[in-house]
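What follows is a short report on a single structure.
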Amino acid sequence: MLGTLRVAVKSLAISVDTGRNVSPGRLDCIKAFSETDFTEDLKKFDVPTLIMHGDDDQIVPIDDSAKLSAKIIKGATLKIYAGAPHGMCSTLKDQVNADLLAFIGRSAPAAA
């Protein structure tokens, strides 16, 4: 067993519904996103960047995405959520939102 899948019932229902209604465009998007090397684009980031990822994501491997992006983007902040699944923005929305607001507050330029 790779891990325990923990998702909200609503998230599961949305995923099942999405799977039933997959269009060729969605499949093309997944293919392009998974096969495109964004390294050169990431090197150009020049703004404060927060990378958030669950370490139990069974869809997008953390080592090949978040951890790698955090190394490429100069000054990026990597926030790893222990035990969090792929849909953590839904299942951990309060924690994710609090972390986003805290990051924005730290990253905002000082008032003149």
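Just so it is clear, none of the values below were taken in a lab; they were calculated from the coordinates. Please read all numbers here as calculations on a predicted model, not as lab measurements. Every residue, glycine among them, receives a Cβ derived from its backbone with ideal geometry; neighbour counts consider all protein chains shown.
Of all residues in region 67-112, which are of a type in the set (Val, Ile, Thr) and part of a helix (DSSP H, G or I)? Spell out how you get there, then give the answer.
The first filter runs over region 67-112 and keeps only residues of a type in the set (Val, Ile, Thr), leaving 72-73, 77, 80, 91, 96, 104.
Matches in region 67-112: ILE72, THR91, VAL96, ILE104.
Here is a list: GLY54, GLY19, GLY25. Which entry is touching a Pro at 6+ places or on another chain (Cβ under 9 Å) and either of a type outside the set (D, E, K, R) or surrounded by 11 or more Cβ atoms within 10 Å (Cβ to Cβ) (or both)? Walk me through how you get there before you give the answer.
On the way: GLY19 fails: touching a Pro at 6+ places or on another chain (Cβ under 9 Å); GLY25 fails: touching a Pro at 6+ places or on another chain (Cβ under 9 Å).
Every option except GLY54 fails the conditions.
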Q: Name the residue, out of ILE104, ILE72, ILE80, that is of a type in the set (Val, Ile, Thr), over 25 Å from LYS31 (Cβ atoms) and in contact with a Leu (Cβ under 9 Å, 6 or more places away or on another chain).
A: ILE104
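Would you check if ILE104 is surrounded by fewer than 16 Cβ atoms within 10 Å (Cβ to Cβ) and aliphatic (A, V, I, L, M)?
Numbers: surrounded by fewer than 16 Cβ atoms within 10 Å (Cβ to Cβ): yes; aliphatic (A, V, I, L, M): yes.
The answer is yes for ILE104.
Considering only region 46-80, state which residues are basic (Lys, Arg) and over 25 Å from ASP94 (Cα atoms).
Correct list: LYS71, LYS74.
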